[in-house]
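What follows is calculated from the coordinates using simple rules that are stated; it is not laboratory data. A quick note: this is a predicted structure, and the numbers were derived from the prediction, not measured. For neighbour counting, all protein chains shown are included, and Cβ atoms are generated from backbone atoms with ideal geometry for every residue, glycine included.
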Amino acid sequence: MNYPTWVIPGIDGGLVIAFVSIIHVYIAHFAVGGGIFLAVTETIARRRKDEALLASAKSFTRFFLLLTMVAGGMTGVGIWFAISLVQSAGTSALIHQFVFSWATEWVFFIVEIVALLVYHYLWDRLDARKHLAVGWIYAAAAWLSLALIDGILSFMLTPGRWLETGSFWDGLFNPGYLPSLAFRTAAALMIAGLFGLVAALRTREAGLRRFLARWAAAWIVLPMLLLLVSGLWYFASSEAELKGRLFQGFWFIGGYRTALFALSALLFAGGLALLIRLPGALSPATAGLLIAVGLGWMGSFEFLRELARKPWVIRGYMYSSSVLAKDLRRIDETGWLAEARWARKFSKPEAGEDMLASQCLPCHTVGGRRDLEKLAAPFDVHSMIEQLESQGDSGYMPPFAGNAEDKEILANYIVRAVAKKGDVDAGSAATEAEPGEEEKEGEAPERH
Amino acid sequence: MSGADLIPGPETLQVPSLVFRILLVATFVLHLLLMNIALGGSVLNAAYRLRRRKAPPGAAGLPGAIALAVNLGVPPLLFVQVLFGQFFYSSSVLMASYWLAVIPLLILAYYAAYLMQGKGGKAKGFRAGTIWSLVSALLLLAVAFAYVNNMSLMLRYGQWPGYFADKRGLMLALSDPALFPRFLHFAVGALAVASISWSAWARFRDRRARSRGEDLAEDGGAKETGLRLFWIFTAIQAPIGVAWLATLPKETVGLFMGGSAYGAVLLALGLLLAAGLLVHAIRGKFMATALILAPTLVVMVLMRDLVRASALSPVFSAEALKVEPQYGPLVLFLSTFAIGAAVLAWLIRAAFRAKPGAKLRTEGEETEGESG
């Protein structure tokens, strides 16, 4: 209500964020795990004085740099762009709370970039000890940047004591912080193993290829044990409400939950097969398949996390409709239209359109996912008003923010203009609903 | 409904706004420098390839420059959101379709900068590389245009009610008379800074070769050409700068013309420094020119800051933002920054001291890639 809503026909904001963020999150976890993978692999190669393994690690570094620094780094900035367009108020709240967290993460980010450039371009020109040190500097900086971002990500789901204290540290080190960090670290190592298969594929010599396939597979399988433990820890440390949400919860969560378990099993089986039985069977197709399964796994996890958070952007603080929990009662009394900035208050159909954009379109679309045209088809204005009144009880939709007049305006707009039941000319539709009460421009109520 | 009615309410800060303003200016200067090298360097590189039918020496550093320009863009983008979030988020949503397109454009420009290096040697590979260099330069110019639009639109809240006619995020600041002069000012400035950076790169390489007792490498006349291009572009800046000033709102121009002592001093300093740049660059004095460039960039950024403050002054003042003090996070950032700077210094020193071994040509194009 404080900010305008970007309305893309047929596409909801969540999908925009999901598209950018799932790609980014996958590559970004690789950037963390891959750094450790490279540093460990180089350490082993140097100790064994294994020139062939060293050459493989060097060749893998170029692939790693091109993928993580270009696509990973840019999509990272991309998430930031995407969330500020889709959830301006939520982004603003996070930025004002965690600006120095992000600024600190940027320090690690620039150390990562410079270290990786030095590591890659000066592979043959730095002496061995120094080169290895650069590799470990990269790995440490990458993990520390995860450790900071994890604070913000887990905060949105479990803000904990911050809700009372407003303290930065309470927000950063929230109840979900440590289990989430352990889980993401494990995920990063597993994803390093998945992409590590590429290192094996790029190696021609059969013996080394076999070793690298096994080595990468070990990085897939072993971190999965840590994933299991940290996942259980994460779950056990969650509040009862969140647990219920994941397991007794809503049909749309169940699909992602099943996908996460099934894909985990698939990754574990694939990794184990490569590790024990079939390192020779590694082919571009099997590696590509496993990497794709990994992407699906990451996507399921992120969707699950997002859905578990509904109807909040920041749990207990801000709803996905950008309304603050503490303001809800006031808005219900004074009216949404009286408080909203980006709304035309002088004409009811237009007010309805703007209210729809602000309160519904953050999650719904007209003509796409969660299509309001279809969803509203069974309703008339009266039952739609009832729906608006009770939507907050559903547990996954935020409560409608506004007074009786707001509800009537929105219900009219949804039923007549969106679901096209009645006069498509929304002007007359609203006039029918509330004849003769249109406000004139300039007569908008005072803001608070 | 007026645009001023639409401006969202501000949020509270953790430390006084002055801290954020200093951080914003300081980090923006760094971003500007790298952005200029990346953007101006990409355009110069494409022009050089088209004209001289070969790649300019030093071009292998471009992808690294793009990476660092993006990286150094993060902190100013962060601080601008803290100080001016209600303006910046609004304008971003109003031009959302273009604004989000910045990301794929940047990714393509970045990959194109890698592809441009091709496999060298062969005429066909070179032609393809030239096309990629053009693609990269044009994409970066498009990104710059999107940025100039957003930074203008966030100040032009009078234009915001246009949102209600079309919510698809397709608004630009094309009706702003200052838009194109502003864009040109940045683009030509980028060419100037990239030119002198090219000269600096060649000089640095010579000095290192001498200290190692090696033969000087061919630089395609980068030292002299770079400096000459620098003063040519700086001279072109003069009328563009005047045009930009002329298109700014009267109240803003008034600040520079004596309405505010601070503004008048900034303008006088800016003109003086620009004259100093021209005189020394024309006389071929590299070191003096480079030394004057640093304070010039700072003064330009401060002038830009004043233009923004002036445009928003009827509705906003950063000093008036509410502060609920929490200094711990700032200490976390500053101490990490100090450690990070030390690590960066160590990395860069290690890179410069790396032995010039013969094995460095691993993939053809990487000879100049040291450290970024």
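Here are some notes:
- Sorting B:Met35, A:Met74, A:Met397, B:Met1 from the fewest to the most surrounding beta carbons within 10 angstrom yields B:Met1, A:Met397, A:Met74, B:Met35.
- Gaussian network model of chain A, springs between alpha carbon atoms under 10 Å - residue of A:Ser167, A:Ser230, A:Ser300 with greatest fluctuation: A:Ser167
- Alpha carbon Rg of the stretch A:13-315, scaled by the compact-globule rule 2.2 N^0.38 Å: 1.01
- Cβ-Cβ FRET estimate between A:Arg330 and B:Phe180, R0 fixed at 30 Å, reported to 0.05: 0.10
- For the stretch B:1-115, the calculated P(r) over all alpha carbon pairs, in 5 Å bins from 0 to the bin holding the longest distance, is 2, 10, 15, 17, 16, 14, 10, 7, 5, 3, 1, 0 percent.
- Legend: mean number of C-beta atoms from other chains within 10 angstrom of residue C-beta atoms, peptide B:337-347, equals 5.
- Environment charge of B:Met287, counting only residues whose C-beta is closer than 15 Å and scoring Lys/Arg +1, Asp/Glu -1: +3
- Model label sites at B:Ser317 and B:Arg208, defined 7 Å from Cα along the beta-carbon direction, differ in position by 5.1 nm.
- Helix A:88-121 vs. chain A, principal-axis angle (Cα, 0 to 90°, nearest 10): 20 degrees
- Taking Cα atoms only, the orientation of helix B:328-352 departs from the longest principal axis of chain B by about 20 degrees.
- On the principal axes of its alpha-carbon atoms, the stretch A:325-433 has extents of 36, 31, 23 Å, going from largest to smallest.
- For chain B, the Rg and Dmax computed from alpha carbons only, in angstrom: 22.0, 72
- Projecting the Cα positions of B:Ala238, B:Val265, B:Ala178 onto the charge dipole of the stretch B:178-298 (unit charges on Cβ atoms of Lys, Arg, Asp and Glu, taken about the Cα centre) puts B:Val265 furthest along the positive direction.
- Extension gain, B:Phe352-B:Ala235: 0.36 nm per intervening residue step, less the Cα-Cα distance, totals 38.7 nm.
- Selection from A:Tyr396, A:Gln359, B:Ala351 lying farthest towards where the dipole of the protein assembly as shown points positive, charges on Cβ: B:Ala351
- FRET efficiency, A:Leu66 to B:Phe337 (Cβ-Cβ, R0 25 Å, nearest 0.05): 0.30
- Candidates A:Trp219, A:Trp233, A:Trp312: whichever shows maximal mean-square fluctuation once chain A is modelled as a Gaussian network with Cα springs under 10 Å: A:Trp233
- Helix A:206-236 axis versus longest C-alpha principal axis of chain A: approximately 40°, rounded to the nearest ten.
- Paramagnetic label zone (point 7 Å from Cα along Cα-to-C-beta, A:Arg370; backbone N under 15 Å) in the stretch A:1-44: A:6-8, A:10-19
- Chain B - mean residue ellipticity at 222 nm from DSSP helices (-39,500 (n - 2.57) per run, n ≥ 4, rounded to 500): -25000 deg cm²/dmol
- Considering helices alone, the calculated mean residue ellipticity of chain A at 222 nm is -22000 deg cm²/dmol, with DSSP H runs of length four and up weighted by -39500 (n - 2.57) and normalised per residue.
- Sites counted here are trypsin sites (Lys or Arg not before Pro) in a DSSP loop (not H, G, I, E or B) having no more than 11 other Cβ atoms within 10 Å; the longest part of chain A that contains none of them is A:205-439.
- Neighbour counting of Cβ atoms within 10 Å sorts the residues A:Ser320, A:Ser347, fewest neighbours leading, into A:Ser347, A:Ser320.
- With loop membership from DSSP and a limit of 15 other Cβ atoms within 10 Å, the longest segment of chain A without GluC sites (Glu not before Pro) is A:1-204.
- Legend: mean number of C-beta atoms from other chains within 10 angstrom of residue C-beta atoms, peptide A:134-141, equals 2.
- The protein assembly as shown - Kirkwood radius from inverse mean 1/r over Cα pairs (Å): 28.7 Å
- Our estimate of slack between B:Asp5 and B:Lys54, defined as 0.36 nm per intervening residue step minus the Cα-Cα distance, is 12.0 nm.
- The stretch B:242-320: trypsin sites (Lys or Arg not before Pro) falling in loop per DSSP and having at most 14 other Cβ within 10 Å: B:Arg283, B:Lys285
- Inter-chain shielding of A:337-344 (mean C-beta neighbours from other protein chains, 10 Å cut-off): 3
- Dimensionless Rg/Rh of the stretch A:197-299 - Kirkwood Rh, Rg from C-alpha atoms: 1.10
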